[in-house]
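*Asks:* What follows is a structure written as structure tokens; I'll ask about it next.
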Amino acid sequence: MSRWGLVIDLDRCTACQACVVACKHENNVSFSTPTTTKAGRLMTWIQLVAADAPGATGTAMPLMCQHCDRPPCTDVCPTSATYLNPEGIVAQVYPRCIGCRYCTNACPYAVKVFNWTTPEWPDAMTPMMNPDVSVRPKGVVEKCTFCHHRLMAARERARAEGRDLAPEDYVPACVQTCPGEAMVFGDLDDPHSEVAALAASARAFRWMEELGTKPKVIYLREGE
Amino acid sequence: MSPTSFNRRDFLVYGGATVAGITLGQVGRRWLSRADERAGAWHEQAVETWATSVCRECPAACGLRVRLMDRTPVKLEGNPVCPVSRGRLCAKGQAALEAYFDPDRLVGPARRVGRREEGRFEPIAWADAIQILTTHLGRARADRRGVLALAAEEQGALADAWTQFWTPLGARVAWTLAAGSARLAPRMGALVGAGGEPIFDVERASYVLSFGAPLVEDWLGPVWTQRSYGRFRRGGGRSRGRFVHLEGRRSLTARKADEWLPVPADRQAFLAYGIASVLLREDRVDRDLLAELGGNLADFEREVVARYTPDNVAVATGVPVVTLLRLARELAATPQPLVVVAADARPDLVDAVLALNALVGALDRPGGVYESAVARTAPEPISAASELSRLASGAKPPAVVALRDASPLRAASSPHDLMPLFEHCDFVVSFSPYLDEAASVADLLLPTHTPLESWHALAPPTTDTLQKVACAKPVAVARLDTRGLVDVLGATAAKLGGDVAAGYAWRADADVVKAELDRLWGLRHGTLYANVFQTEWVQQLETGGWWVAPAPSREEFGEAALRAGGWMDPFFASGAIRRRLAQRGLTLVPPAMPIEAAAANAGGLQPAVVPASFQRAADQPAASREFPLRLTLFTPACANQMGSPNQPVLFELLGQPEGSPWRVWAELAPETARAAGLDQGSPVRITSAAGSIDAVAMVVERMPLDTVAVAYVPALKPGGRWAQLMTADVRSLWGRSDPTGPMNVRVTQV
């Protein structure tokens, strides 16, 4: 069984936000307006945040669901709408979510977003939506899924071709587009994977590591 | 419940429930069955395919792979075999999908009704639209009143087809100049002869000293530059590259640099020559190599060493002597140093940077500067900005202005002055598909296809040693009543008749692209876009004098090139610069600027705790007291300068990571902010003599104390639904004056 993880090299990251746009289009995340943004209701699964990372202050860091091995959000969910799946992805079952927002409060990274209103797109734009990803209704919490639908599609494809899933078969949208090649995704339990090697680097750190949430998004600090 | 307690009431309840269950169950099953059928039918129809196209959000021409569901594009990815993007895309490239689906795109041809200020249009048929254009062009030609054709700069067959149409009409064809390496070619030519463009091998450098080059943003080409930066920092098997950056404001690039020196653009040449002076004074250059290259080194050395003393440079730039000495010594001590410069830098700065590269031995070596294989023979293109400036300053107006896109107007000095700019022009026609600046001033709208609906044949700007032509056919059906640009020009030429029709052979975009593919096949070198391994292999073959045809026939080559996304020639004979220098020698351009005067007038660059303007307000002239801060304009990399102005996702990226999406922001030094009573995130009003805008204050450490830097995001009142939401356009602070000129403002809390 794989244990999926993501390494982000902050030395290579240029803060271009291509990952933010790729994620929005891939996952049918609705657009905001100045009004909704001002109310703190910007819908985005990845966001660039200014953080004081080890060795650097004011680092621009892409922040998404950290897919913790000990996720605080799953502990508080009364309906098991969010849970840690066997492959280490913190999943979100939208029809089960009752919108209590316990998980958004429990998440120390503030990366779970609540649909305060019904997501809307102009009619002309509905055909551009990814048919592999359901649109979340009003009153439901959503977040990064490591593009889980891509994993399912890749697995189907590999099965149809009669072979095992190869590392390059499953890549989240953010990783695929990253122009600085700062993001590496893969199986953290595979000792031969690039992601496992980078996660073991001396530059590796986990965001808010002291909380004991054991994130599977691992950052590589800037500098020597 | 025991059987004895089952009374009549219970019987009725359970009986009723059973009947209701059966009935509703039937209904439910039928409903579910229908829903399932619909869902199943949808799944059966949705067929996933992938096609290649070319991104046109900026001039870089990155290759695209478009995911189509039932022939409708749903996602854009980078084309992995495209040598420009190598499978990656920037934020604007990803957002290009929104341009295709823009709900406020122009739906078809239309002509203006009433006066331009009224903004009213009526739809017309294409045939009528072309007739109107033909009439106006014919009249302009007969009256010899001139035509001005404006477009975003690009190279290649389709750009040539645009020029070919206007040339017989005697039109001036001007371009919104791209900030690419072509802008540096004349200065490169002055240094080494010939007219090749410089190629900066950032990826393999060990140390990069940047004079204002936005290395992590959109320098020369956004995806290429970001990939190069990533590999420079953490290239396989090499130690981490060190990066020092000079810029007047703390940009994203400045944030990523190991060291940022806040030196304004007009002072950077002093520092570059100062470093050259230290290198020569301390004899930290490879004298043997320089002697081999020959040229005017001795004269250059005499001039620079005598005038650019560290003390003079320190006073003129505000950079301490110790830092100047250290930078020069670091450059000399590192194995593969490289000095880079912004493409739109002043010529004297480019000269200084190229001279520095020559001194540190960076010419023609890995991690240094190469020269493009093909020298540009065409004259420097006419700048659209200067044409518009001429118009604004009262030059004789052309009868007809043709706008292929909105880029010239988006770069114009003031959004409020677009209408008066064309006041005395009889007729303005826009070929842009969007509701943009061009549409707001045009009398006739001829919306052409968006990039995903278009044919492509263009040469991406030079970023590496490969020659490239990006080609693609439409990947999506035209969503609205739009046409290909050449389709429209061809039909117009045919109607105009005479030498225009005779000289314009094209009738459709597809013809131009197919002719370009035929030309490429006839070259008998190069190959289709290919992965890195295949590219390397072809390069080795061509170096050995071999060429393997990438397809068995001309037709199959065309089809294969359109599938791959383009053609490239990886052959590159390195050492061209040194071979030429062996014959003519280096021509180092000595500094023309009087540093002594600059040093004497540089009091404002000295560090101060509180801006001089606040500290000594009573001593300042009245104008300085009223507008005490110098305004600097910068363009965020996510602001679209040539495509659709109505992409909501790009507005969400503004002001990040400081948390200011959808808003224009103003950067101030902490001391300046404190003196004005501002905190991080305070709403502020920036006022100049010409107007005011509202923004959000962003406090940035080490910003020059007398400066406020404001983001330029195009605001467009008559634009699409999202473009309208951006209301603060910093250009309005300049009024009718040139935004590259100085401007002083006042910043107050709202």
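The values are calculated or read from the model by the stated rules, or taken from the named source; none is laboratory data. Values in this document were obtained by computation on a predicted structure and should not be read as measured data. Here the Cβ is made from the backbone with ideal geometry for all residues, glycine too, and neighbour counts use every protein chain on show.
*Asks:* If I ask for residues that are under 17 Å from A:GLU222 (Cβ atoms), within 12 Å of another protein chain (Cβ to nearest Cβ), free of Cβ contacts under 8 Å to residues at least 40 places away in the same chain and surrounded by fewer than 23 Cβ atoms within 10 Å (Cβ to Cβ), which ones from the range B:226-242 would you list? Give the derivation first.
*Replies:* As a first pass, look at the range B:226-242 and keep what is under 17 Å from A:GLU222 (Cβ atoms): B:226, B:229-235, B:238-242.
From the residues that got through so far, the ones that are within 12 Å of another protein chain (Cβ to nearest Cβ) too are B:226, B:229-235, B:239-242.
Then keep just the ones that are free of Cβ contacts under 8 Å to residues at least 40 places away in the same chain; that gives B:229-235, B:239-241.
Scanning the range B:226-242 gives B:ARG231, B:ARG234, B:GLY235, B:SER239, B:ARG240.
*Asks:* Follow-up. Kindly indicate which of B:ALA459, B:ALA411, B:ALA438, B:ALA478 is of a type in the set (A, V, I, L, M, F, W, C), buried (at least 24 other Cβ atoms within 10 Å of the Cβ) and not assigned by TED's automatic domain parsing to the domain that holds B:LEU633.
*Replies:* B:ALA438
*Asks:* Among the residues of the range B:60-91, how many are of a type in the set (D, E, K, R), facing chain A (nearest Cβ under 8 Å) and either on the phi > 0 side of the Ramachandran plot or not in a strand (DSSP E or B) (or both)?
*Replies:* Summing the residues that are of a type in the set (D, E, K, R), facing chain A (nearest Cβ under 8 Å) and either on the phi > 0 side of the Ramachandran plot or not in a strand (DSSP E or B) (or both) in the range B:60-91 gives 1.
*Asks:* Please determine, by comparing only the residues of the range B:248-266 that are surrounded by fewer than 21 Cβ atoms within 10 Å (Cβ to Cβ) and within 19 Å of B:ALA597 (Cα to Cα), which one is farthest from the other protein chains (Cβ to nearest Cβ).
*Replies:* Within the range B:248-266, the match that is farthest from the other protein chains (Cβ to nearest Cβ) is B:ASP266.
*Asks:* A follow-up question, please. Mind listing whichever residues of the range B:556-581 are modelled with pLDDT under 95, assigned to a helix (DSSP H, G or I) and not β-branched (Val, Ile, Thr)?
*Replies:* Matches in the range B:556-581: B:ALA576, B:ARG578, B:ARG579, B:ARG580, B:LEU581.
*Asks:* So, in the range B:462-475, of the ones that are of a type in the set (S, T, N, Q) and more than 20 Å from B:VAL512 (Cβ to Cβ), which residue ends up surrounded by the most Cβ atoms within 10 Å (Cβ to Cβ)?
*Replies:* B:THR462
*Asks:* Continuing with the same structure: Could you grab the pairs with beta carbons closer than 8 Å, sequence gap of 6+ or different chains, first residue in the range B:285-304 and within 13 Å of B:VAL589 (Cβ to Cβ), second one hydroxyl-bearing (Ser, Thr, Tyr)?
*Replies:* From residues that are within 13 Å of B:VAL589 (Cβ to Cβ), the pairs are B:GLY295/B:THR587; B:ASN296/B:THR587; B:VAL304/B:TYR273; B:VAL304/B:SER277.
*Asks:* Take the range A:123-140 and flag every residue that is within 13 Å of chain B (Cβ to nearest Cβ) and of a type in the set (A, V, I, L, M, F, W, C).
*Replies:* A:ALA124, A:MET125, A:MET128, A:MET129, A:VAL133
*Asks:* Of the residues that sit in the range B:636-692 and are among the basic types (Lys, Arg) and more than 27 Å from B:ASP218 (Cα to Cα), which one is surrounded by the fewest Cβ atoms within 10 Å (Cβ to Cβ)?
*Replies:* Here the answer is B:ARG674.
*Asks:* Can you list the helices (runs of 4 or more DSSP H) found entirely within the range B:462-525 that contain at least 3 residues being closer than 12 Å to B:PHE165 by Cβ and modelled with pLDDT of 95 or more?
*Replies:* B:485-496
*Asks:* For the range A:173-202, which positions are over 30 Å from B:VAL66 (Cα atoms), within 14 Å of chain B (Cβ to nearest Cβ) and in contact (Cβ under 8 Å) with a residue 12 or more places away in the chain?
*Replies:* Of everything in the range A:173-202, those that are over 30 Å from B:VAL66 (Cα atoms), within 14 Å of chain B (Cβ to nearest Cβ) and in contact (Cβ under 8 Å) with a residue 12 or more places away in the chain turn out to be A:LEU198, A:SER201.
*Asks:* Take the residues in the range B:92-108 that are of a type in the set (Gly, Ala, Ser) and surrounded by 24 or more Cβ atoms within 10 Å (Cβ to Cβ); name whichever of them is farthest from B:PRO123 (Cα to Cα). Before you say what the answer is, go through the steps one by one.
*Replies:* If we filter the range B:92-108 for residues that are of a type in the set (Gly, Ala, Ser), which is where we start, we get B:93, B:95-96, B:99, B:108.
Applying the additional criterion that residues be surrounded by 24 or more Cβ atoms within 10 Å (Cβ to Cβ) yields B:93, B:95-96.
Numbers: B:GLY93: 31, B:ALA95: 29, B:ALA96: 26 Å.
Here the residue is B:GLY93.
*Asks:* Just one of the numbered conditions (1) out of contact with any Lys or Arg (no Cβ under 8 Å at 6 or more places or on another chain); (2) more than 14 Å from chain A (Cβ to nearest Cβ) is not true of B:GLY221; which one?
*Replies:* Looking at each condition in turn, B:GLY221 falls short on (2).
*Asks:* Run A:MET43 past the list (1) out of contact with any strand residue (DSSP E or B) (no Cβ under 6 Å at 6 or more places or on another chain); (2) crowded, with 19+ Cβ neighbours inside 10 Å; (3) farther than 25 Å from A:ASP169 by Cα and report the number of the one that doesn't hold.
*Replies:* Failed condition: (1).
*Asks:* Can we say B:LEU150 is buried (at least 24 other Cβ atoms within 10 Å of the Cβ) and in contact (Cβ under 8 Å) with a residue 12 or more places away in the chain? Spell out the reasoning first.
*Replies:* Working: buried (at least 24 other Cβ atoms within 10 Å of the Cβ): yes; in contact (Cβ under 8 Å) with a residue 12 or more places away in the chain: yes.
Here the answer is yes, as B:LEU150 does meet what is asked.
*Asks:* Output the residue which, of all residues in the range B:92-128 that are part of a loop (DSSP other than H, G, I, E, B) and within 14 Å of chain A (Cβ to nearest Cβ), is nearest to B:ALA51 (Cα to Cα).
*Replies:* B:ASP102
*Asks:* Can I ask one more? Could you tell me whether A:VAL171 is within 23 Å of A:CYS13 (Cα to Cα) and not in a loop (DSSP other than H, G, I, E, B)?
*Replies:* For A:VAL171, the condition - within 23 Å of A:CYS13 (Cα to Cα) and not in a loop (DSSP other than H, G, I, E, B) - is not met.
*Asks:* Among the residues of the range B:702-717, which ones are within 21 Å of B:ALA637 (Cβ to Cβ) and either hydrophobic (A, V, I, L, M, F, W, C) or out of contact with any strand residue (DSSP E or B) (no Cβ under 7 Å at 6 or more places or on another chain) (or both)?
*Replies:* Passing the criteria: B:MET703, B:VAL708, B:ALA709, B:VAL710, B:ALA711, B:VAL713, B:PRO714, B:ALA715, B:LEU716.
*Asks:* Please state which of the following conditions B:VAL216 fails to meet, knowing it meets all the rest: (1) of a type in the set (A, V, I, L, M); (2) in contact (Cβ under 8 Å) with a residue 60 or more places away in the chain; (3) within 11 Å of chain A (Cβ to nearest Cβ).
*Replies:* Against the list (1) of a type in the set (A, V, I, L, M); (2) in contact (Cβ under 8 Å) with a residue 60 or more places away in the chain; (3) within 11 Å of chain A (Cβ to nearest Cβ), B:VAL216 comes up short only on (2).
*Asks:* Is there any pair linking a residue in the range B:65-94 that is assigned by TED's automatic domain parsing to the domain that holds B:VAL649 and touching a residue at least 60 places away in the same chain (Cβ under 8 Å) to one that is assigned to a loop (DSSP other than H, G, I, E, B) and not β-branched (Val, Ile, Thr), with Cβ under 6 Å and at least six apart or on different chains, and which?
*Replies:* Taking only residues 6 or more apart or on different chains, not a single pair turns up.
*Asks:* Within the range B:614-690, considering only helices (runs of 4 or more DSSP H) that don't extend past its boundaries, which have at least 1 residues that are at pLDDT below 90 and more than 14 Å from every other protein chain (Cβ to nearest Cβ)?
*Replies:* Details: elements: B:622-626, B:648-652, B:670-675.
The qualifying helices (runs of 4 or more DSSP H) are B:622-626.
*Asks:* Restricting to the range B:582-613, give me the number of residues that are over 30 Å from B:TYR370 (Cα atoms) and at pLDDT 50 or above.
*Replies:* The number of residues fulfilling the criteria is 10.
*Asks:* Read through the list (1) within 24 Å of B:ARG88 (Cβ to Cβ); (2) more than 10 Å from chain B (Cβ to nearest Cβ); (3) assigned to a helix (DSSP H, G or I), then give the number of the only condition that A:GLU156 fails.
*Replies:* (1)
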